[in-house]
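Here is the structure we will look at.
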There are 2 protein chains.
Amino acid sequence: MSLRLPRRASNGRKDATRLALLEAALNVFGEKGYHGAAVDDIVDRAGRSKGAAYFHFPSKAAIFRALVRELANQLVNSIQRKMDDVDSPAERLDAALLGLIDVFVRHRALARIVLIEVAGAGRAFSDDLIFVRRQFADLIERELDRAVEIGAIPPCDTHLIATAWFGALNEVAVHWLHDPDAGSLHASYPSLRQLLLQSVGFSPAEVDRVPLHA
Amino acid sequence: MSLRLPRRASNGRKDATRLALLEAALNVFGEKGYHGAAVDDIVDRAGRSKGAAYFHFPSKAAIFRALVRELANQLVNSIQRKMDDVDSPAERLDAALLGLIDVFVRHRALARIVLIEVAGAGRAFSDDLIFVRRQFADLIERELDRAVEIGAIPPCDTHLIATAWFGALNEVAVHWLHDPDAGSLHASYPSLRQLLLQSVGFSPAEVDRVPLHA
DNA sequence: ATCAACAAACCGACTGGTCAGTCGGTTTTT
DNA sequence: AAAAACCGACTGACCAGTCGGTTTGTTGAT
């Protein structure tokens, strides 16, 4: 699980260390949670030293923050790209849902951090929490706005609905993270898809039309 | 904010102390989060001593666990009661939604703990997390099943949908908790209500019919 | 009713472990 | 030779949990 983390061009020893630290942080935070993870854990896993860590980041919180924002950006970009592969709002929303599920399934540590740890790390991180959630919600909101514009769905509170949608996926994913054996996340996709599309008033024809590129 | 916490009959000095501790825990955990709160904080706020705390509970984690389960039980019962005041599935689901919003608005510390802290406290508490979430979801699921049974909505994956619904409300509430000035939670109720009822295929007539007992 | 004797409930100073962050020193790069 | 990057032993603060001791409540014998 190497993961995509090269926000800044990753050449030179400095960047390599920064990357190694962030990648270790991803795994350690993902496994033990923010409070359960010690900086020494991250440092050890990265094969670096505490000095290196505090050369690159001013604090443990800063490591976490950098990681979260990096992950969120990469994730949002990746989803955006998948959405741009298709045209109609219904298809694009569908692509967003399936894309998120795919990533979560493939990178559980990422899912844990973005979906659970940011929320639970404490009030000091609530700005980061909102930042991440808002990014995802905006992705959805824009598409809903477009659907309203072209008359695919009736006008509605797209901001609220985007938030609610993300919450719905979030909750399902949290249960899955807790007990992955209780059923794959992909298995929830068809029901979730129908639920979401139907909730904003896409016509039944449209709800059924979009192919399930599973 | 005295709050409803008399699970076991609250008479005698012993029970009074237990209650005082739990109520203090509610406020302290609600303000500082699980990891940010020290047992001494709770003890001080309760006007008791550390000895008393460890006489009643074997550990800090046990205090948290007892509090969470107590809150969840009370909350679920209270919502169930509100649901039983009306008859049709749509009305009952509506009552559940509004009831939850009401309680969260009135008791932010409770909302913070049930919606955020349990999830963020760490993997050691994931059983409690699931316990709480499942209780709420079951409340919804039962009603959805009934709606399917009487033909008010088409058959669907009620288990998944109940989970998703709770997630939707959860997410909206989390944003509200982060910035209560951005808009009251009650203001989101009409849109949320329509979104949820419509998502499972209640007829438009039914969606509009139910009075908004705001 | 009175009072020992006992237990239940409570107190708070103390301890031991953990861990974020520091800093003098070393290696690598420019 | 100067600066950038890195090393890892150390420290100081914090805090969950302990424990000897005190107070409050209960029992039951006289």
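Ligands, DNA and RNA aside, B:Lys32 has an accessible area near 100 Å² when probed at 1.4 Å.
Computed from label points 7 Å out along Cα-Cβ, the spacing between A:His186 and A:Phe131 is 3.4 nm. Comparing B:Ala109, B:Ala173, B:Ala37, which has the greatest mean-square fluctuation in the GNM of chain B with Cα pairs linked when under 10 Å apart? Looking only at B:Ala109, B:Ala173, B:Ala37, the largest GNM fluctuation is found for B:Ala37. Inter-copy label distances for A:Ala182: 2.8 nm (label point placed 7 Å from Cα along Cα→Cβ; shortest first). In chain B, the beta-carbon sitting nearest the axis that superposes B on A belongs to the residue given here with its distance in angstrom, B:Gly120, 1. Long hydrophobic helices in chain A: the complete DSSP H runs spanning 15 Å or more by Cα along their own axis with mean Kyte-Doolittle hydropathy of at least 0.5 are A:89-106, A:158-178.
The Cβ shell under 15 Å around B:Val210 holds other residues with a net charge of -3, Lys and Arg each +1, Asp and Glu each -1. Nearest 500 deg cm²/dmol is fine: what mean residue ellipticity at 222 nm does the protein assembly as shown get from its DSSP H runs of n ≥ 4 alone, each adding -39,500 (n - 2.57), divided by its residue count? Only helices count here, giving -23500 deg cm²/dmol. In region A:115-139, which residues have a backbone nitrogen under 12 Å from the label point lying 7 Å from B:Asp44's Cα in the Cα-to-Cβ direction? Nothing falls inside the zone, counting backbone N under 12 Å.
Taking only the C-alpha atoms of the protein assembly as shown, Rg followed by Dmax gives 22.5, 69 Å. Relative to the other identical copies, A:Asp145 shows label-point distances of 4.3 nm, where the label point lies 7 Å from Cα along the Cβ direction and values run shortest first. Measuring nothing but protein heavy atoms, the accessible surface of chain A at 1.4 Å probe radius is 50 percent carbon and sulfur.
I need the shape label for region B:90-175. Rule: rounded when a/c is under 1.5, else prolate if a/b > b/c, else oblate, with a, b, c from the alpha carbon gyration tensor. It comes out oblate by the Cα gyration axes. Over all Cα atoms in chain B, the spread is summed up by Rg and Dmax: 18.7, 60 Å.
Placing a label point 7 Å from Cα along the Cα-to-Cβ axis, A:Ala61 is separated from the same position in the other copies by 2.6 nm, shortest listed first. What accessible area, summed over both chains, is buried at the B-A interface (1.4 Å probe, Å², nearest 100)? The summed interface area works out to 3200 Å².
Annotation: per residue accessible area for region B:62-209 equals 35 Å², rounded to a whole number [probe 1.4 Å, protein chains only].
The values are calculated or read from the model by the stated rules, or taken from the named source; none is laboratory data. The structure displayed is predicted, hence computed values, not measured ones. All Cβ positions, even for glycine, are placed from backbone atoms using ideal geometry, and neighbour counts span all protein chains on display. When the accessible area is computed, the model is the full protein with side chains, heavy atoms only, and any ligands, DNA or RNA have been set aside. Shrake-Rupley method; radii C 1.70, N 1.55, O 1.52, S 1.80 Å.
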